[in-house]
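Remarks on the structure that follows.
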Amino acid sequence: MNNTDESNNKPDMVVLADDAPVNLEAEFEASNVKEVLDKLDRELIGLKPVKTRIREIAALLLVDRLRKQFALTSETPTLHMNFTGNPGTGKTTVAMRMAEILHRLGYVREGHLVSVTRDDLVGQYIGHTAPKTKEVIKKAMGGVLFIDEAYYLYKPENERDYGAESIEILLQVMENNRDDLVVILAGYKDRMDKFFHSNPGMRSRIAHHIDFPDYSANELLAIANLMLADQNYHFSPDAEKAFLEYITLRMKMEHFANARSVRNALDRARLRQANRLFASASKLLNKVDLMTIEAEDILASRVFQEGKLDSEPAGVKRP
Amino acid sequence: MMTNQGNRISQGQFSFLPDLTDAQITAQIKYALSKGWALSVEYTDDPHPRNTYWEMFGNPMFDLKDPAGIMMEVNNCRKTFPNHYIRVGAFSSVQGVESVTMSYIVNRPKQEPGFGLVRQETEGRTMRYTIHSYASDKPEGERY
């Protein structure tokens, strides 16, 4: 009835002779991983430790694949991950890429990413949590389950909180269905540490703890250039200088959120650019005018003038 | 039933074939998912070929990408009801279809006692015939 015989499950594998040569290079080419890794290098600025770890994982999975040709079985490596880092350091972006990379390497079957937060996992009344969590897990199977702000799952101050139940189910699935899904947790470093401290089982089931470093000013400028290029804008040379200055000032202020702050600053620069073009309505515009962000669009920011955040209302004195 | 070997109930797809293996069930689920159908797991211990209303084992599963999640539910159901009939259904929400498009049995009781012929005398010397499952003489939950 319930046939558990696995042999007709897999295609016939030809086991190579002990001295047969295999080509790691060819395997690397065939997997298209190079393309993904190059894309990662190109589109993600900085993040050295992250890229190194992704390379290591890719290498391990490739070597595993070669070993399989000699019927050298080893346990499937655990690939559950934990991303920690300050706001705007690219945790979510990397998680998205991770799903694609793991799919190319044949570690996950479908390669989709299911991104959830506490709301999607934890129910509102007794008996609501388990089905909710299980439904999310079933959706993520064959791909990557990304839990953003994972520390919210556990609320020690409320002992009747249902988060613990959700964690329990997650732990079970992370252990038993390792072939079916990869769980990635993400959150700010200090809070994640506290979370793991109260859930030691979670910590030990996650093999890869990756810390996302903050960006330097030059890296942020490179990111800004990439973001603008994506939206068919570019800096004039003066504007680039001004923006670097802006970043340096902004980094010292509070609520700095790395790439996210850069994106917001660019959005505001676009507003000012549009306004400037509008003010010079008499002039005929060409394509370059519409694409270029000038220094004055950046310098108009209040960060320069009053040393204040743009998002704060004007004239309000900060303590 | 009469055309079927032994006492095996036949309902839905593949029921005249030997039992599907897990690999075959997975392949069928994969096909249903590729069509965008929502899968569900149902069970019953009332084995009439015309009994189409089975109990749901959990909610139907929408938006899944991989058969592993459904197989997990199938195995959960097998664990809970090892001696019941269990089937997998696939629901198509395409306008104009909006009904179950696939349905096949994935678990059977170890012993299927089969069906007896029931004769009913009516007006004149007319005979009416129907079938009756020996298993359903016992109350629900104790049949297998």
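The values are calculated or read from the model by the stated rules, or taken from the named source; none is laboratory data. Everything numeric in this text was worked out from a predicted model, so none of it was measured. Positions of Cβ are generated from backbone atoms using ideal geometry, with glycine treated the same way; all protein chains shown enter the neighbour counts. Accessible surface is based on the protein model in full, side chains and every heavy atom, while ligands, DNA and RNA are left aside. Shrake-Rupley method; radii C 1.70, N 1.55, O 1.52, S 1.80 Å.
Of the whole protein surface, A:Asp38 contributes about 60 Å² of accessible area at a 1.4 Å probe radius. Short-range pairs are left out: with C-alpha atoms under 8 Å and at least six residues apart, the relative contact order of segment B:51-144 is 18 percent.
Note: relative contact order over chain A, using C-alpha pairs below 8 Å and six or more positions apart, is 19 percent.
Averaging over all projection directions, the Cα-based convex hull of segment B:42-121 occupies 7.4 nm² in the image plane. Segment A:127-224 gives an Rg/Rh value of 1.04, both radii derived from C-alpha positions and Rh following Kirkwood. Probe radius 1.4 Å, ligands and nucleic acids left out: can you give me the accessible area buried at the A-B interface, summed over both chains, in Å² to the nearest hundred? The A and B chains share an interface burying roughly 1500 Å². At a threshold of 50 Å², the residues of segment A:116-154 that become less accessible to a 1.4 Å probe in the full protein assembly than in their chain on its own are A:Lys138, A:Lys139, A:Met141. Among the listed pairs A:Lys134/A:Lys155; B:Lys110/B:Lys138; A:Lys138/B:Lys110; A:Lys132/A:Lys155, a Cα-Cα separation exceeding 27 Å is found for A:Lys138/B:Lys110.
Site pair A:Arg276 and B:Val118 shows an inter-label distance of 8.8 nm when each label is modelled 7 Å from Cα along Cα→Cβ.
Highest mobility in the GNM of chain A, judged by mean-square fluctuation with C-alpha springs under 10 Å and restricted to A:Ala295, A:Ala274, A:Ala265, is found for A:Ala274. Spin-label model, B:Ser93 to A:Ala207: label points 7 Å out along the Cα-to-beta-carbon direction sit 3.6 nm apart.
With each label modelled as a point 7 angstrom along the Cα→C-beta vector, the B:His48-A:Met251 pair spans 7.7 nm. Of the residues A:Ile210, B:Ile131, ranked by 1.4 Å probe accessible area with the largest first, the sequence reads B:Ile131, A:Ile210.
Projection of the Cα convex hull of chain B, averaged over all directions and equal to a quarter of that hull's surface, yields 10.7 nm². Gyration tensor over the Cα atoms of the protein assembly as shown: the corresponding equivalent ellipsoid has semi-axes (square roots of 5 times the eigenvalues, largest first) of 57, 28, 23 Å.
I need the shape label for segment A:1-157. Rule: rounded when a/c is under 1.5, else prolate if a/b > b/c, else oblate, with a, b, c from the alpha carbon gyration tensor. Here segment A:1-157 falls in the oblate category.
Over the residues of the protein assembly as shown, the helix contribution to mean residue ellipticity at 222 nm works out to -12500 deg cm²/dmol, using -39500 (n - 2.57) for each DSSP H run of at least 4. Summarising the amide proton neighbourhood of A:Phe146: residues at separation of 5 or more, or on other chains, whose placed amide H is nearer than 5 Å comprise A:Val114, A:Ser115, A:Val116, A:Ile184.
Remark: the Cα gyration tensor places segment A:75-190 in the oblate category, a/c being 1.5 or greater and a/b not exceeding b/c. Heavy-atom accessible area with a 1.4 Å probe sorts A:Arg42, A:Arg109, largest first, into A:Arg42, A:Arg109.
A 1.4 Å probe run over the protein assembly as shown, with the rest of the protein chains in place, finds 56 Å² accessible per residue. To put it simply, the accessible area of segment A:21-90 at a 1.4 Å probe is 55 percent carbon and sulfur. Label segment A:12-63 by shape, choosing from rounded, prolate and oblate, from the square roots a ≥ b ≥ c of the eigenvalues of the Cα gyration tensor; if a/c is under 1.5 it is rounded, and otherwise prolate applies when a/b is larger than b/c, oblate when it is not. It comes out prolate by the Cα gyration axes.
Size descriptors for segment A:193-256, from the alpha-carbon set: Rg then Dmax equal 18.3, 53 Å.
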